[in-house]
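A.B. asks: Pasting a structure here, questions to come.
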Amino acid sequence: ITLLLGVLAGRRWLGRQDLPRIPAFRDWRVPFAVVWILAAGVALVILRRESLAPAGENLMLVAAVLFAVHGLAVQAFVVGRTLTVAQQWIFWILLGPLVAAGGVVLGLVDQWLDLRAAMRRAEKERE
């Protein structure tokens, strides 16, 4: 709600009626710099300094949450292309919570392999 109010107030204050296009969730991706946030967090934890470890853990947690959302976006892309609408509902209700845990790894892997682009290329080659 706060974000929406901020956008509306900013639009009114700036006098702009057009907002930047927000991509569909299935196309959302984390900026690559988040990998470095994760690496910094791991490094701070590895140092085993009592004063730095909590900061490292927080950095790792923030990066993990962002990569989990990124992984869910990849899963939404794949599920949307391979299952019918009814099957998608069943998948997300029954299996969604289970596969969400793998979202962190999937999001991190997608940073380097760009799984969605590979799937699009494979579909074009089949046509």
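A.B. asks: Return the only residue of Ala86, Ala68 being within 30 Å of Ala122 (Cα to Cα), within 17 Å of the chain's Cα centre (by Cα) and either among the small types (Gly, Ala, Ser) or surrounded by fewer than 11 Cβ atoms within 10 Å (Cβ to Cβ) (or both).
C.D. replies: Checking each option against the conditions leaves just Ala68.
A.B. asks: Examine the stretch 57-65 for a residue that is of a type in the set (Asp, Glu), at pLDDT 90 or above and assigned to a loop (DSSP other than H, G, I, E, B), and state whether such a residue exists.
C.D. replies: No, because not a single residue in the stretch 57-65 is of a type in the set (Asp, Glu), at pLDDT 90 or above and assigned to a loop (DSSP other than H, G, I, E, B).
A.B. asks: Another one. Restricting attention to the stretch 43-56, which residues are of a type outside the set (Gly, Ala, Ser) and exposed (fewer than 14 other Cβ atoms within 10 Å of the Cβ)?
C.D. replies: Across the stretch 43-56, the qualifying residues are Ile46, Leu47, Arg48, Arg49, Glu50, Pro54.
A.B. asks: If you go through the stretch 6-33 one residue at a time, how many are of a type outside the set (Gly, Ala, Ser) and modelled with pLDDT under 85?
C.D. replies: Selection size over the stretch 6-33: 14.
A.B. asks: Moving on. On the given criteria, is Val30 assigned to a helix (DSSP H, G or I) and touching a residue at least 12 places away in the same chain (Cβ under 8 Å)?
C.D. replies: Judged against the criteria, Val30 is not a match.
The values are calculated or read from the model by the stated rules, or taken from the named source; none is laboratory data. Remember, predicted model here, so these are calculated numbers, not experimental data. Please note: Cβ atoms are built from the backbone with ideal geometry, for glycine as well, and neighbour counts cover all protein chains shown.
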